[in-house]
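Coordinate-derived values only; no laboratory data. Keep in mind that what you see is a predicted model, and the values were worked out from it rather than measured. Glycine gets a Cβ as well: all are built from the backbone with ideal geometry, and neighbour counts include every protein chain shown.
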Amino acid sequence: MKRENQLVAGGGVLFLLGVLAFVPPILDRQLLILAWLGSWSQPVGLSAMVVGGILWGLGQLQQLRDGPPPNVGAMVPPPEPTTGMPGTTGLAQPNVLSNQMSTEPAERR
């Protein structure tokens, strides 16, 4: 379950409160709980919408930054086998410097 960022939740609530304070006075209405704002209802509502939108946006950016990295290599095809030196099979050759032995018997000519 994905946990929501506190900035996203707080910004969304503040934005919604700002809408509830800003829109009803345009329609000649007033919410009873916000009536104490009086003539300041629209400026306070607009300010709350702006601050809430900024907080919501910052929270979304933080979620993107802190989230798991995108799976970029998912669409990259696997590499083709190396051919090594001319005249050898398509398998990679052992490292001669570290004295590794080949996993298959060497062909003798």
**Prompt:** Scanning for something under 21 Å from residue 4 (Cβ atoms) and either without any contact (Cβ under 8 Å) to a residue 12 or more places away in the chain or surrounded by 14 or more Cβ atoms within 10 Å (Cβ to Cβ) (or both), does the range 37-49 turn up at least one residue?
**Reply:** yes
**Request:** Please tell me if residue 16 is assigned to a helix (DSSP H, G or I), within 21 Å of residue 4 (Cβ to Cβ) and not hydroxyl-bearing (Ser, Thr, Tyr).
**Result:** yes
